[in-house]
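One structure below.
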Amino acid sequence: MTADARYLQAIEARLCAYMDAPGIPDALADSMRYSLAAGGKRLRPRMALAACEMVGGDMEAALPLSCALEMIHTYSLIHDDLPCMDDDDFRRGKPTNHKAFGEGRAVLAGDGLLSYAFEIMLDAALVQQAKSPGYLQAVQAIAAGAGVFGMVAGQARDLANEKAPVPNEATLRAIHCGKTGAMLTASLLAGAYAAGAEEPEIEALRNFGEAYGLLFQITDDMLDVEGDLAQLGKTPGKDAKQQKLTYVTLYGLAEAKRLAEATAADALEALAPFGERAAYFRELTEKTLERNA
Ligand code: GRG
């Protein structure tokens, strides 16, 4: 079995177990499950498990963190799709949560996923804290990536920029370091901290996360122009329609492609300290560049 198949199997089984816990009202559990099970790539939880194993940890210990990352990511997509934000009809190839359940239930599905994620992480930290001193640091990395200095900050900058556009590289970077990069880097750090990684490894992963996050965003912007609904799982062409600031609108498709290649090279360089152990992340970087991750 490939590492990815192992990770995916463990993630899916554990997410189902969390959602089958007794006591969650049916209507709430249904709307949370709907988006969780809608066919996301599970990129963040896979990255957390791979980072954990790369630095010598046991993926079982990182599994609660990994599922929490997917829950937080899914909440962000549900809220981002709401009419008061991006107003999208399709996500992960299915009608968006508010289209399926109405806005009230979609807001609550997001709230439920976010708060359940923290409950799961802290429950695990309470169990792990004696034998794994890095575990709480892992939870902190996820909180920081998700919050007002991370993903929520990026979303706030994005909203502000829609009202008063400042179309330059600095604005674009600030938006996407938060919206996209923060949770990707947090996934790497969480897996590594849970495995007891030391500062030089954390620093190398932070560098990789920064470059990989940028690569992911540039290729995501390119897909919005070149992809179709089946490939994207969401409506293509929305960025141009909403006059969004993206790497393609700022630089054009050809230059965005060149930037993606240079950024992939930076990401690969950041992995050098891990040598052979970084095979998973080398392959992920190459697949992302080919927009096939
Ligand atoms: C609502 C606080 C709040 C934040 C929303 C994540 C986000 C911030 C908005 C989503 C819109 C968007 C296009 C973000 C940038 C790229 C991104 C995160 C794409 C989706 O991630 P994938 O491709 O999705 O990993 P799947 O569905 O495969 O998990």
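Of all residues in the range 43-61, those being more than 18 Å from ALA197 (Cα to Cα) and crowded, with 21+ Cβ neighbours inside 10 Å number 1.
Selection of the range 26-42 for residues being surrounded by fewer than 23 Cβ atoms within 10 Å (Cβ to Cβ), near the ligand (Cβ under 10 Å from one of its atoms) and not aliphatic (A, V, I, L, M) yields GLY39, GLY40, LYS41, ARG42. You will find that of ALA265, ALA270, the residue that is within 27 Å of PRO133 (Cβ to Cβ) and at pLDDT 95 or above is ALA270 and no other. The listed residues are GLY56, GLY39, and the only one of them that is in contact (Cβ under 8 Å) with a residue 40 or more places away in the chain, under 16 Å from the mean Cα position of the chain (by Cα), at positive phi and not in a helix (DSSP H, G or I) turns out to be GLY39. Any residue at all in the range 233-247 that is closer than 30 Å to ALA62 by Cβ and in a helix (DSSP H, G or I)? Checked the range 233-247: no residue is closer than 30 Å to ALA62 by Cβ and in a helix (DSSP H, G or I). When SER66 is tested against the conditions (1) assigned to a helix (DSSP H, G or I); (2) touching a residue at least 60 places away in the same chain (Cβ under 8 Å); (3) away from the ligand (no atom under 12 Å from the Cβ); (4) more than 15 Å from the chain's Cα centre (by Cα), the lone failure is (4). When the helices (runs of 4 or more DSSP H) confined to the range 132-205 are screened for residues that are within 13 Å of the ligand (Cβ to nearest atom) and crowded, with 20+ Cβ neighbours inside 10 Å, those reaching at least 3 such residues are found at 151-163, 169-176, 182-194. Filtering the range 80-104 to residues that are part of a helix (DSSP H, G or I) and more than 25 Å from ILE142 (Cα to Cα) leaves HIS98, LYS99, ALA100, PHE101, GLU103, GLY104.
The values are calculated or read from the model by the stated rules, or taken from the named source; none is laboratory data. It should be emphasised that the depicted structure is a prediction, and the values quoted were computed from it without experimental measurement. We place every Cβ from the backbone using ideal geometry, glycine too, and count neighbours over all the protein chains shown.
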